[in-house]
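Structure first, then comments.
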């Protein structure tokens, strides 16, 4: 149930981000109250924070509770440091049997981060015993952007495979990517059972998406199971 809900939250978030106004522009009737700020250089700043605030705004109208910068249950050893707790950007909870139960962790990313930054957050998904949602905001893409980014995701998942607890039987992550200028997005549910098949082969198949750019638009030739979202002129 939570996966279906999160995929719907992501869908709504795509449109909120596409409709967001910047401080130098003008809002429309569909624009959220949040706007994009301007740097001293006069260019518009886009970060992962816009997605996080709008995501929380959507949650305020749903039945989930949430926390921000949630300490992880597991510890992590990174860059030679002693094992320490990390934090998830956002966590969703349900309240049942007189207590809060965490049902999903969310990580927000923007632009084209280094493979190490991606790997650290992928590690949290693999080690924590709950569902995950990766939400990635991109200002724009060219014909290689997603291929390069997906390559980093593939390498990160494979490198973290050995860190998974032997007691963990299933890995469940919704991966979502939203392109602002193209008004285009995709999402797909990564659902892997560790008791069957090859993890590396599943990862390779999962991140298959064949596309080209023509006339400033994304043309998908083989979706590989990804849900594709495009804002039509009627929705502007």
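What follows draws every value from the coordinates through simple rules; no lab data is involved. Fair warning: this is a prediction, and the values are worked out from it, not measured in the lab. Cβ sites come from the backbone with ideal geometry, for glycine too, and all protein chains shown count toward neighbours.
Relative to the longest principal axis of the Cα atoms of the chain, helix 48-59 runs at roughly 80 degrees.
Which value in deg cm²/dmol, rounded to the nearest 500, describes the helix-derived mean residue ellipticity at 222 nm for the chain, given -39,500 (n - 2.57) per DSSP H run of n ≥ 4 and division by the residue count?
Values: 5 runs with 67 residues, N = 236.
My calculation for the chain gives -9000 deg cm²/dmol from helical runs alone.
Angle of helix 2-19 to the longest C-alpha principal axis of the chain, folded into 0 to 90 degrees and rounded to 10: 30°.
Give the shape of the stretch 1-131 as rounded, prolate or oblate, defined through the alpha-carbon gyration tensor: a ≥ b ≥ c are the square roots of its eigenvalues, a/c under 1.5 means rounded, and otherwise the shape is prolate if a/b is larger than b/c and oblate if not.
oblate
Taking other C-beta atoms within 10 Å as the exposure proxy, 148, 154, 179 rank 148, 154, 179 from fewest upward.
Centroid-to-centroid, using Cα positions, the stretch 1-76 and the stretch 102-161 are 17 Å apart. Return one number: the angle in degrees, 0 to 90 and rounded to the nearest 10, between the long axis of the Cα atoms of helix 145-160 and the longest principal axis of the Cα atoms of the chain. Orientation of helix 145-160: about 10 degrees from the principal axis. Of 218, 6, the sequence from fewest to most neighbouring Cβ atoms within 10 angstrom is 218, 6. With R₀ fixed at 35 Å, the C-beta to C-beta distance from residue 220 to residue 87 puts the FRET efficiency at about 0.50. Take every pair of alpha-carbon atoms less than 8 Å apart whose residues are at least six positions apart; their mean separation over the length of the chain yields a relative contact order of 15 percent.
Taking the chain as a Gaussian network of alpha-carbon nodes connected by springs under 10 Å, the highest mean-square fluctuation of the residues 71, 83, 32 belongs to 83.
For 172, 195, what ranking results if the residue with the fewest other Cβ atoms within 10 Å of its Cβ goes first?
Details: 172 17, 195 7.
Fewest-to-most ranking of 172, 195: 195, 172.
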